[in-house]
Amino acid sequence: MIRFAWLQARTQTAIAFAGLALVAIIVALTGPHLVHLYDANVATCAAHGDCSTATDAFLRNDKTLGVWLGILVIAIPGLIGLFWGAPLIARELESGTYRLAWTQSVTRTRWLVIKVAVVGVAAMVVAGLLSLMVTWWASPIDTASANRFSMPLFDERGIVVIGYAAFAVALGVAVGLLIRRTVPAMATTLAAFVVVRVATIFWIRRRYIAPLHRVSALDPQTIGLRTGNLGFSLLPPTPNIPNAWIYSTHFADKSGQPLAHSVVARLCPHLGGALGGPPPSGSVTKAPRHLDSVLHDCVAKVAFRYHTVTTYQPASHYWTFQWIELGVFLGAALILSAFCIWWIRRGLA
Amino acid sequence: MTAALETNGLGKRYGRRWALQDCNLSIPEGRVVGLVGPNGAGKTTLLHLAVGMLAPTVGTISVLGNRPADGPAQLARVGFVAQETPVYPRLTVAQHLRMAGWLNPNWDAELAESRIGRLDLDPGQRAGSLSGGQRAQLVLTLAIAKRPELLILDEPVASLDPLARREFLQDLMEVVAVQGVSVVLSSHLVSDLERVCDFLVVLTASHVQLAGEASDLLASHHHLSGPRLVGTLPSGIEVIEQTHTDKQSVLLVRSEGSLPFLDPMWSVKPVTMDDLVLAYMRQARGVELPARSPLEVLR
């Protein structure tokens, strides 16, 4: 059965590997140059003193290529689910060839398991190799930008891509088994895959591990002003923690009580007057220069009881997150596959 | 001796519609069974139940003494040629044979290759570009070279032209003679089956109307024609179908054993399988139709 499943899957797998070879060539041609540039400019920037200029300049290299490789890594699992997963069973059901397959001397459960396993493994290998190449290629860029947890970057690197690919195949197979029509199954698979991925990014991923809290004193140099319907409030700075995922920053007292608007108004009655009437509502500003002393006084008063609390995932959690996300998607793939087996065993209606 | 196919109160329901109901059959091994009925009568449902592609809603079915598709060994004992003879369009003829070789433990590669050679199929040709007749031959080859004990064919000749139809059935009969397999084949046309089958099952409106050895059925049914029927016929004669004019009655009757003594004014003629099947199909409709009914068109 494995040989038969491979006979059916080998053309598409060959196409995928041809694509991978192309990416490998591009990456091999441009990657070493990036490493060289990084070593020459960014790695030694501390000695020259001006690291941010050097980093900014370095990050302008191969920016377009980097974006496209990122898009490719994001898209490949979805495309695999669309073109490999969804038609895998749906096409057999639609064209009637399942009646040929199920009456050979192989149970339909085994038929399903082997087919899904062969295509699933192929998908994971393709996605894994692609991610490996892009992760390697982009490592100087990622090191320089120090933002590995950010939304597109986390999804484009490392081992999570393997999980996405496995999940996409299982999802496509399950949808195909239920819908039994190739084209609608492909459309539904893509839509469902996008929904799951977006839900993961915005709601699920942040709950893998409890975040850390960093408490720091208020610093008038970095605090901004926000104006809203109620007047002025203080704007907490975004802390610079390399490669961390910052959930939020806010002011709170020892008991965790957030800084209320009324407290600011009471402690800093001159702030509004000094600004000379409220600026347009909702605008977020860096405190203007002539307000420095007023703001200073204000921050000093507020800092007596309040401090800045940053909720974040440190860079050290990065690989834990990668493994958890891989596990979540592989687990979902296994659950979907188990459902498919149950569904096909109970007999298609 | 185990039955090739045995069903007990078998029924299959799709949603609220029964595709097959109250099916009780016992077909001995070694027969060529013709399963006849109009389109939508439940033939495919019955055959899919027999190969285990469907599970019964009620009742039981056993094939060669076992539950259908109950593991690889049972699957290996039954060959199946599905309706419209599906093949993988992008695989070649040779790849189909290789696939069947991988998937079937009793695969007879020599038989398969010699058949393909004899049928003049190009092994390198993609199955998607075969003609309907060639495709049917390919699928039949796959089913035969699997060396099954029972061969089930669902409307194998429906899409073939008359010549290909005849060749296909002739070829099938040769295989039956050589390999001694039991065969169940369905068709909505009696004419396809009457030359080849020795056991008949008539299925109409999801019910089995008639089942039995073809020779027994032909021996126990008669055409009677005579003056306008008044009163009743002797006991032991069941009227399957009757048509009356003012002066004359034409009956198709069944009698267990030999026909009892009848008034000599009745003339008795044997029935053909065609007559028999059509009469039972009409009976299932619950209406008495004039001699030229729309069902005749089926012929």
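Computed from the coordinates by the stated procedures, all read-outs in this text should not be read as laboratory data. Computed from a prediction, not measured in an experiment: that's the story for all the values here. Here Cβ is always computed from backbone atoms with ideal geometry, including for glycine, and neighbour counts include all displayed protein chains.
Name the long-range amide H neighbours of B:Glu241: under 5 Å, sequence gap of 5 or more, or other chain; modelled H, no Pro or chain starts.
B:Leu252
Taking R0 as 30 Å, what FRET efficiency do you get between B:Ala109 and A:Ile2 from their Cβ-Cβ distance, rounded to the nearest 0.05? Walk me through the numbers before you get to the answer.
On the way: r = 19 Å, r/R0 = 0.64.
After rounding, the FRET efficiency stands at 0.95.
May I ask you to list the residues of the stretch B:193-235 whose amide nitrogen lies under 13 Å from a point 7 Å from Cα along the Cα→beta-carbon direction of B:Asp263?
B:225-234
What is the Rg over Rh value, at two decimals, for the stretch B:134-216, using alpha-carbon atoms and the Kirkwood definition of Rh? Please report the intermediate quantities before stating the final value.
Numbers: Rg = 13.0 Å, Rh = 13.6 Å.
Reported Rg/Rh, Kirkwood definition of Rh: 0.96.
Can you give me the distance in nm between label points at A:Ile335 and A:Phe304, each placed 7 Å from the Cα along the Cα-to-Cβ direction?
The modelled label-to-label distance comes out at 5.3 nm.
So if we plug the beta-carbon distance of B:Asp122 and A:Ser139 into 1/(1 + (r/R0)^6) with R0 = 60 Å, what FRET efficiency do we get, rounded to 0.05? Numbers along the way, then the final one.
On the way: r = 53 Å, r/R0 = 0.89.
With a Förster radius of 60 Å, E is 0.65.
What is the calculated FRET efficiency for A:Arg10 to A:Ile71, with r their C-beta to C-beta distance and R₀ = 25 Å, to the nearest 0.05?
Numbers: r = 27 Å, r/R0 = 1.09.
FRET efficiency, A:Arg10 to A:Ile71: 0.40.
In nm, to one decimal, how far is the B:Leu229 label point from the A:Thr30 one, both placed 7 Å along Cα→Cβ?
The two pseudo-label positions are separated by 9.0 nm.
For a label point 7 angstrom out from the Cα of A:Trp319 toward its Cβ, which stretches of the stretch A:159-177 have the backbone nitrogen within less than 13 Å?
A:159
Using a/c under 1.5 as the rounded threshold, could you call chain A rounded, prolate or oblate? The axes a ≥ b ≥ c are square roots of the C-alpha gyration tensor eigenvalues, and prolate needs a/b larger than b/c, oblate otherwise.
Values: a/c = 3.32, a/b = 1.99, b/c = 1.67.
Prolate is the answer for chain A, as a/c is 1.5 or above and a/b outweighs b/c.
For chain B, what is the percent of antiparallel DSSP beta bridges, rounded to the nearest 5?
Numbers: 39 of 56 bridges.
The answer is about 70 percent antiparallel.
So, in nm, how far is label A:Ser52 from label A:Trp343 when the simple model puts each one 7 Å beyond its Cα toward the Cβ?
5.4 nm
For n ≥ 4 DSSP H runs only, could you compute -39500 (n - 2.57) per run for chain A, divide by its residues and tell me the 222 nm figure to the nearest 500? Walk me through the numbers before you get to the answer.
Values: 14 runs with 216 residues, N = 349.
Per the formula, -20500 deg cm²/dmol.
Once you have the alpha carbon radius of gyration of the protein assembly as shown, what is it after dividing by 2.2 N^0.38 Å, with N set to its residue count?
1.49
Tell me, in nm to one decimal, what length is gained between A:Leu178 and A:Arg207 on full extension, where the rule is 0.36 nm per residue of separation less the Cα-Cα distance?
Values: separation 29, 0.36 × 29 = 10.44 nm, distance 3.12 nm.
This chain segment gains 7.3 nm when fully extended.
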